[in-house]
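Just below is one structure, and these are the notes that go with it.
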Amino acid sequence: MSRFSSERLNKIEAYTPGEQPRDKSYIKLNTNESPYPPSEGVIRAINQKAVEDLRLYSDPTAKELRSALAELYGVGEKNVFLSNGSDDILNFAFMAYGAAGACFADITYGFYQVFAELYGIEAEIIPLSEDFTLDYRDYLGKDKLIVIANPNAPTGKTIPLWQIEEILGANPDTVVVIDEAYVDFGGESAVGLTERYQNLLCVGTFSKSRSMAGARLGFAIADEALIADLEKIKYSTNPYNINRLTQLAGAAAVRDNGYYMDNCKKIIKNRDYTIAELKALGFEVIDSKANFIFAKTDKCGGEELYLALKERGVLVRHFEKPRIKDYNRITIGSREEMEAFISAVREIVGEI
Ligand SMILES: *Cc1c(COP(=O)(O)O)cnc(C)c1O
């Protein structure tokens, strides 16, 4: 750090993204990207004219994309916010609603802690149960921002909508953020509750189920007043927050929704396959509704397995955190990728 930066910034431990090595080509199962390419419509949308138009600023209201999303989710255009990746929206939510503090699980998306530190927000860390279940009763009557990933990362576990509804009803004066980055892989979306609960902010992304991690596109669905808050922050920081190409790609992706939902079904099948194979090899695998699984074995340590897989050209994600250091998070890729992963695991476990 420079001698000019603030003490708070000096103290922050920034989020560590999954590695994106360039030294050789890996089977990349470490950052929950999709193994499938964007749809034909997206590829057609990024044409010569679109590139030529880059000399012009993008539409700050992202009209076309916004109305496509509103239609897809059955909400009004004023209930939709768009951003440069959903991390951006989580950032805004902490900025806007964190003054009285924030609470979230001990094992969840690492960015929540970073945002809390960035804004000097006091974070109450609520431990998940022994088997990583979130107990909704721990979140009743909180007078601070509540943030829940559903499905959760890196466990893939979900909580049912009725429990979210209990939390919403018991916290009418604070905002409840439901981070639905992985909801398309078998979870239940809370978007339908936004009409009834003015304190619910549902956050989604095009990075996982819609094969657009590199385009950076996130969205939120909520009551008009919450969306207006986020718009205000956007217009106070970066009005052209979504670039032209991403707006075009996003609108085309929404039109091709069926293609992406079919891909999710394939991922779910590949997930079932991978879980069954790992269990046959003696692994303990948490039941997942996401495009990744969280698994461990008593045959070798979490880091040991991660390193042995990397040596064999397969990248998974290992977190060096006390409660979860025995586990690895494995993104579900194509069938071929998962077969290669399983045979690498078989080799490693066989050698021990
Ligand atoms: C991947 C992920 C996001 C962020 O995705 P963006 O690429 O910024 O849209 C948000 N929340 C969780 C839990 C994630 O895993």
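The values are calculated or read from the model by the stated rules, or taken from the named source; none is laboratory data. Since we're looking at a predicted model, the values are computed, not measured. Here Cβ is always computed from backbone atoms with ideal geometry, including for glycine, and neighbour counts include all displayed protein chains.
Considering (1) charged (D, E, K, R); (2) under 28 Å from residue 322 (Cα atoms); (3) without any contact (Cβ under 8 Å) to a residue 40 or more places away in the chain; (4) away from the ligand (no atom under 16 Å from the Cβ), say which one residue 180 fails and leave the rest.
(4)
Yes or no: residue 216 surrounded by fewer than 21 Cβ atoms within 10 Å (Cβ to Cβ), more than 16 Å from the ligand (Cβ to nearest atom) and basic (Lys, Arg)?
no
Please name all residue pairs, on different chains or six or more residues apart, with Cβ atoms under 7 Å, provided the first residue is in the stretch 155-172 and is surrounded by fewer than 16 Cβ atoms within 10 Å (Cβ to Cβ) and the second residue is among the acidic types (Asp, Glu).
Correct list of pairs: 160/188.
Looking at (1) of a type in the set (Phe, Trp, Tyr); (2) under 27 Å from residue 294 (Cβ atoms); (3) away from the ligand (no atom under 16 Å from the Cβ), can you tell me which one residue 15 breaks?
Residue 15 satisfies every listed condition except (3).
Which condition number does residue 2 fail, the rest of (1) touching a residue at least 12 places away in the same chain (Cβ under 8 Å); (2) part of a loop (DSSP other than H, G, I, E, B); (3) among the small types (Gly, Ala, Ser) being met?
The number of the failed condition is (1).
For the stretch 271-282, give me the residue count where each residue is buried (at least 18 other Cβ atoms within 10 Å of the Cβ) and in contact (Cβ under 8 Å) with a residue 24 or more places away in the chain.
Residues in the stretch 271-282 being buried (at least 18 other Cβ atoms within 10 Å of the Cβ) and in contact (Cβ under 8 Å) with a residue 24 or more places away in the chain: 4 in total.
Tally up the residues in the stretch 126-142 that are touching a strand residue (DSSP E or B) at 6+ places or on another chain (Cβ under 7 Å) and either of a type in the set (Val, Ile, Thr) or in contact (Cβ under 8 Å) with a residue 60 or more places away in the chain (or both), please.
Let us first name the residues in the stretch 126-142 that are touching a strand residue (DSSP E or B) at 6+ places or on another chain (Cβ under 7 Å), namely 126, 128, 134, 138-139, 142.
When the remaining residues are screened for being either of a type in the set (Val, Ile, Thr) or in contact (Cβ under 8 Å) with a residue 60 or more places away in the chain (or both), the result is 126.
The qualifying residues number 1.
Mind checking which residues of the stretch 326-345 are farther than 14 Å from residue 284 by Cα and surrounded by 14 or more Cβ atoms within 10 Å (Cβ to Cβ)?
Within the stretch 326-345, 331, 332, 333, 334, 335, 337, 338, 339, 340, 341, 342, 344 meet the criteria.
Collect the residues in the stretch 230-243 that are outside any loop (DSSP other than H, G, I, E, B) and either surrounded by 19 or more Cβ atoms within 10 Å (Cβ to Cβ) or β-branched (Val, Ile, Thr) (or both), keeping them in residue-number order.
230, 233, 234, 237
Given 124, 117, which one is surrounded by fewer than 19 Cβ atoms within 10 Å (Cβ to Cβ), away from the ligand (no atom under 16 Å from the Cβ), in a strand (DSSP E or B) and within 22 Å of the chain's Cα centre (by Cα)? Can you show your working first?
On the way: 117 fails: in a strand (DSSP E or B).
124 is the lone residue from the list that is surrounded by fewer than 19 Cβ atoms within 10 Å (Cβ to Cβ), away from the ligand (no atom under 16 Å from the Cβ), in a strand (DSSP E or B) and within 22 Å of the chain's Cα centre (by Cα).
Look at residue 157 and say whether it is within 30 Å of residue 245 (Cα to Cα) and part of a loop (DSSP other than H, G, I, E, B).
no
Being under 27 Å from residue 322 (Cβ atoms) and away from the ligand (no atom under 12 Å from the Cβ) is the filter here, so list the residues in the stretch 77-106 that pass it.
94, 98, 101, 102, 103, 106, listed by residue number.
For the condition closer than 19 Å to residue 73 by Cα, modelled with pLDDT of 95 or more, crowded, with 24+ Cβ neighbours inside 10 Å and touching a Phe, Trp or Tyr at 6+ places or on another chain (Cβ under 9 Å), what is the one hit in 182, 260?
From the options 182, 260, the qualifying one is 182.
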